[in-house]
1. Taking the residues in segment 34-85 that are aromatic (F, W, Y) and at pLDDT 95 or above as candidates, determine which candidate is farthest from G141 (Cα to Cα).
2. Any residue that is loosely packed, with under 15 Cβ neighbours inside 10 Å, aliphatic (A, V, I, L, M) and under 14 Å from V27 (Cα atoms) - is there at least one of those in segment 73-90?
3. Which of the residues spanning segment 142-174 are surrounded by 13 or more Cβ atoms within 10 Å (Cβ to Cβ), among the charged types (D, E, K, R) and within 17 Å of N100 (Cβ to Cβ)?
4. Which residues, counting only those in segment 131-174, are free of Cβ contacts under 8 Å to residues at least 40 places away in the same chain, touching a Leu at 6+ places or on another chain (Cβ under 8 Å) and in a loop (DSSP other than H, G, I, E, B)?
5. So which residues in segment 141-168 are of a type in the set (A, V, I, L, M, F, W, C), out of contact with any helix residue (DSSP H, G or I) (no Cβ under 7 Å at 6 or more places or on another chain) and within 20 Å of I123 (Cβ to Cβ), if there are any at all?
6. Keeping to segment 119-141, report how many residues are loosely packed, with under 15 Cβ neighbours inside 10 Å and of a type in the set (D, E, K, R).
7. If I filter segment 49-64 for residues that are touching a residue at least 12 places away in the same chain (Cβ under 8 Å), in contact with a strand residue (DSSP E or B) (Cβ under 9 Å, 6 or more places away or on another chain) and not polar (S, T, N, Q), do I get at least one hit?
8. In segment 114-136, which residues are of a type in the set (G, A, S) and farther than 19 Å from L64 by Cβ?
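The values are calculated or read from the model by the stated rules, or taken from the named source; none is laboratory data. Remember, it's a predicted structure, so these values are computed and weren't measured experimentally. Ideal geometry is used to build each Cβ from the backbone, glycine not excepted, and the neighbour counts take in all protein chains shown.
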Amino acid sequence: MTDKQLEGTPGTNPTPPMTIPMDWKQVKFAQPTDEDMGLLAGLRSGSEPWKQRGETQAESLEALTKLRPFISVGKLNSALVGYVTIERDGPVPGAAYLRNIVVKNEFRQKGLGHVLLDQGLSIARDMNRKTIALRVDPANGPAVSFYRKVGFTTVATVVSKKSGKLRLLMSREL
């Protein structure tokens, strides 16, 4: 249906199209500021899997504070759009660890995840790593599909220490 058709349909309110940048190169990355930390906590606690777990914003802030040195915040026109967390060491010896990619809801499925991943890969290379690894819930089909499309392969199935649930351990060369 076009907007014109929706206008005449009772009970519908057409949503104005959101302005999405044609060029994600406008996204700037930096370490999180104190102000960013609260925004990141809100973004995390409102995103899966933390939302499903019932993680509060305060719990997210506590977890993110521990990870702060490893977080790279993406901003577009000074507004937070997402973040990526890359650690030097993780579950695969010698490989960098991609802990999280979190994209603000309104920017999902628009290519921003690729931009955040590219930033993470760049950080891992700067750490002189040749490989990057991650863990993902096999039930999170969109995430598994995304990682496979960008070259990650499953190297093992592991049990999460936190939840006791199975996770795919995936890696790729840098």
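1. Across segment 34-85, the extreme among qualifying residues is F70.
2. Yes, some residue in segment 73-90 is loosely packed, with under 15 Cβ neighbours inside 10 Å, aliphatic (A, V, I, L, M) and under 14 Å from V27 (Cα atoms).
3. R167, R172
4. P138, V150, F152, S160
5. A143, F152
6. Selection size over segment 119-141: 3.
7. yes
8. Matches in segment 114-136: S122, A124, A133.
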